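One structure below.
Rule-based calculations on the coordinates, nothing more; no lab input. From a predicted model like this one, the values you see are computed outputs, not experimental measurements. Glycine also receives a Cβ, built like all others from the backbone with ideal geometry; neighbour counts cover every protein chain displayed.
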Amino acid sequence: MQIDRPEIVAEVRAAFASYEEALRRDDRDAILGWFWDAAETVRFGIADRQNGADEVRAWRAEQPPVPAGRTLADTRITTFGADYAVVTTLFTYPSGAATGRQSQTWVRLPVGWRVVSAHVSEVANEAVQLGSPSWLS
């Protein structure tokens with residue numbers, strides 16, 4: 001298996017960028033279109049959990065738009081072969097005291113790249129450290 005083939009990383013980067021743009025525009029149809037439309041889809045949020053695409057759709061319909069000024073940092077895309085990828089990133093908002101952490105598992109399906117699992121969390125800014133955790137030292 002080849003890891004991080006440049007053309008596959010580029011495909012996932014484009015899909016992720018389109019997802020992010022839809023999130024910033026609050027284009028709910030486009031956001032939801034990036035999720036696998038299946039009962040097996042899982043999304044863990046900051047204070048919520050959805051199992052299945054139907055729950056993701058219902059949750060998204062009730063959410064306000066993300067605050068303006070969302071900024072990403074330390075975005076990493078790792079691909080495994082031609083059909084599987086993991087995307088992780090940090091995000092912040094101008095008015096926030098927390099840094100968000102986001103991870104997504106992307107799979108190439110017959111309809112194209114889709115998020116099959118997602119996890120979002122937040123930590124206070126003073127708790128965020130880039131690099132290896134201290135317990136690895």
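Below are the figures for this structure:
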item	result
Local electrostatic count at Ala82 - Lys and Arg +1, Asp and Glu -1, tallied over other residues with Cβ under 14 Å	-2
Lys/Arg +1, Asp/Glu -1 at C-beta; the chain dipole; positive extreme among Ala118, Ala30, Thr75	Thr75
Cα gyration tensor shape for the chain, rounded if a/c is under 1.5, else prolate or oblate	oblate
Relative contact order computed over the chain (Cα-Cα under 8 Å; 6+ residues apart), in percent	23 percent
Over the chain: helical MRE at 222 nm, DSSP H runs n ≥ 4 each giving -39500 (n - 2.57), nearest 500	-8000 deg cm²/dmol
Given charges at beta-carbon only (K, R positive; D, E negative), |dipole| of the chain in Debye	120 debye
DSSP bridge pairs, the chain: antiparallel proportion in percent, nearest 5	90 percent
